[in-house]
Amino acid sequence: MPHVLFDTKKLEGREGYFLITSLVIPRPIAWVSSLSPDGILNLAPHSYFNIISSDPLIVHFTSTGVKDSLTNVRATGEFVINIVTEDLLEQMNDSSTRFPPEENEFEWAGLETAPSVHVAPPRVAAAPAALECKLNQIVSLGNGNMVFGDVTAIHVDEAVMEDGRVMPDLLRPLARLGGSNYATVAGHTLKLPRPTWEEMQQRGKP
Ligand SMILES: Cc1cc2nc3c(=O)[nH]c(=O)nc-3n(C[C@H](O)[C@H](O)[C@H](O)COP(=O)(O)O)c2cc1C
């Protein structure tokens, strides 16, 4: 089949957004809890989320434009990334509504809080894992404001662990696809150890 070529300079409106978010998939979802300087609790999902460094632990989420999560983190320097699981799909989706800044998404989504240890924003009690983060820096590129956070504590429910490791089939994370589509991971995982250079040399080129 011939490939369709999109010249990105000629894309109109939100065409680029729809294309890129349908192709860079599946994306993990950072469910970001934060507090305003006045103590108003905020919760919002961000699927532009990934690991930056594993030593020390640094993660990022990106706010497209300026939203309450970004404003809060900029003002307070603290946030929590809660891991979204299959059973939290509807609450996560409800929390993504453009609520006015004075509204508490935990209340609207019917979620309980659990205390954090190093940062003021609480965790989502129902989330089996959460990363407590302190703001490292914010880098703005295009319409993206990348929030880099130093991970100061990680909470993991024992129920999703085996032999000290997190098991994807127990964690049951949810991933974002294009549009309003999501993917589940549990039951679809594969295991394949990475070959060494010596093994590749023995095997030779196909
Ligand atoms: C699954 C999912 C992923 C999302 N990912 C992002 C994202 O990466 N960046 C972003 O700015 N908005 C993202 N959104 C939209 C925000 O959650 C939404 O704009 C929300 O109202 C922002 O809340 P806030 O103003 O309280 O920060 C996403 C929404 C959903 C449902």
Restrict the search to the range 1-106; then list the chymotrypsin sites (Phe, Trp or Tyr not before Pro) that DSSP places in a loop and that have at most 14 other Cβ atoms within 10 Å of their Cβ.
-> F6
In whole percent, the Cα-Cα distances of the range 46-108 spread across 5 Å bins from 0 upward as 4, 13, 22, 28, 19, 10, 4, 1
In the range 1-55, trypsin sites (Lys or Arg not before Pro) in a DSSP loop with at most 16 other beta-carbon atoms within 10 Å = R14
Sequence order, the range 158-168: Karplus ³J(HN,Hα) from phi using 6.51 cos²θ - 1.76 cosθ + 1.60, θ = phi - 60°, Hz rounded, Gly and Pro as x, gives 4, 5, 9, 10, 9, 6, x, 10, 7, 9, x
Does the range 13-72 come out rounded, prolate or oblate by the C-alpha gyration tensor, with a ≥ b ≥ c the root eigenvalues, rounded set by a/c under 1.5 and, if not, prolate when a/b is larger than b/c and oblate if not?
-> oblate
Size of the chain along its principal axes in angstrom, Cα-based, largest extent first?
-> 63, 52, 31
Using the Karplus curve 6.51 cos²θ - 1.76 cosθ + 1.60 with θ = phi - 60°, work out ³J(HN,Hα) for each residue of the range 69-84 in order, rounded to whole Hz, and write x for Gly and Pro.
-> 4, 4, 4, 5, 5, 4, 7, 10, x, 9, 6, 10, 9, 8, 7, 8
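Any read-out appearing in this document is the output of simple, stated calculations on the displayed coordinates, not a laboratory observation. The model shown is predicted, which means the values in this text are computed figures rather than measured ones. In this analysis, Cβ positions are derived from the backbone assuming ideal geometry, glycine residues included, and neighbour counts consider all displayed protein chains.
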